[in-house]
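Heads up: the structure comes next, in structure tokens.
The values are calculated or read from the model by the stated rules, or taken from the named source; none is laboratory data. Keep in mind it's a predicted model, so treat the numbers as computed, not measured. Using ideal geometry, Cβ is built from the backbone for each residue, glycine included, and neighbour counts are taken over all protein chains shown. Just so you know, the surface numbers come from the protein's heavy atoms only, side chains and all, with ligands and any DNA or RNA stripped out. Shrake-Rupley method; radii C 1.70, N 1.55, O 1.52, S 1.80 Å.
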Amino acid sequence: MEDSQSLDPETQFLCSKQQTGNEWELFKENVRPLKRGRNVRLLNDGLKSHTDYQLKKALIEHRRRMIEAIDEYKGDDPLQPWLECIKWIQEAFPQGGDYSGLVMIYEQCVRAFWDSDRYKDDIRYLKVWLDYADNCADAEVIYSFLDANKIGLTQSIYYIAYALHMESKNKLRNANDMFNLGIARNAQPTEKMETAFKKFLARSMRRTRTADEDSTENRLPVRSFGTVLAKVVFNVPGRQGIEGSDSARKRMKTDRAHGALIPIYEDKNASITSSHQPDLLKAEMKPWCNLGARAERNKENNAIPTKWTSMKIPQRPGSRLGGTTGSACIEVFVDEECAEVEKVVGKGKSSSLQLRREDGQDLKKETELLRENPLRNFPAVSLPR
């Protein structure tokens, strides 16, 4: 026992003969980063579930038990089991996406306590709202809902997140107003708010300076090919020809400005070439003086329609007497994983917290609907007006 404790972590891992541990190197591009970091063992299990059906089944079963624990919780802090479930799903499903069901858990958690005065100023509850907003198509709907229902208005992270979202939409004036509103309401902690506001002002100044430089470059004369921006005279012998060409070019521009006629080039050898052309080609080159009558112009439509009763489609032997021959029934494929999950859900408690189908099309469809309209399941009285 003492020898195993004195070994370095790498040797301990090799001695433990664990089957997981390399998945991070194989699937790390599919892992969503978390600010708090990740549990390496749970991360490897979540990544290995891509190829291990039994491990994937175990993760789904564990998620179902955590959701049931939310229903069965009898403690003093009903938000705590929600937070534990969200944290575990973030760890066990590192790739995120519709398969994890995380968006639905976010929505059900925030909907469970939106009218509770106990959690309106709880920073844990507010962080769940902000995570939900990051997974929506337009987070401004979430921020407007929080402001209308006075959720998290005493926390500085609400104003910072709202302002950064408006800045990402290039609405700098609204972002500046949101920072000023947070400072006026004395949102805590004030140091975090002031630091974020200073960084925002610095970014705004750099953006304004860049825009001024771009406008200055746009005011410069545009130089096309063959033009001279400024006249420079050098006292170098042998440059009279160049100066003469410049004066001729200027004289041509002056003539064009005064409306002088531009001479049209005429090919003098055209008559000589045409005399050697055959008579048929000359006839084709004659102008089309007569358009012809309507019957001549519509000659492609002169075909007379006929009956198709004489046409017969070849029939297969026996198709008209016995109809279509009965073929073998096509067996409908049923995913074993989905079937087992449905059985597990059917045996469990009927609760609004239960995911409809843990790994099916319904879960994906519901997640997409929540991304587009995150407040679709909320009562009408709670929506901002």
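Just a few scattered comments:
- Failed criterion for Lys74 (all others in (1) at pLDDT below 95; (2) assigned to a helix (DSSP H, G or I) hold): (2)
- The residues listed here are Tyr143, Tyr159; of these, the one that is over 23 Å from the mean Cα position of the chain (by Cα), part of a helix (DSSP H, G or I) and modelled with pLDDT of 95 or more is Tyr159.
- Scanning region 87-103 for residues that are more than 11 Å from Leu43 (Cα to Cα), open to solvent by 10 Å² or more (accessible area, probe 1.4 Å) and modelled with pLDDT of 80 or more returns Lys87, Leu102.
- Annotation note: of Ala137, Ala163, Ala133, the sole residue that is in contact (Cβ under 8 Å) with a residue 60 or more places away in the chain, out of contact with any strand residue (DSSP E or B) (no Cβ under 8 Å at 6 or more places or on another chain) and open to solvent by less than 20 Å² (accessible area, probe 1.4 Å) is Ala133.
- Any hit, region 297-310, residues being among the small types (Gly, Ala, Ser) and modelled with pLDDT of 65 or more: yes
- A single member of Arg173, Arg118 is of a type in the set (Lys, Arg) and more than 27 Å from the chain's Cα centre (by Cα), and it is Arg118.
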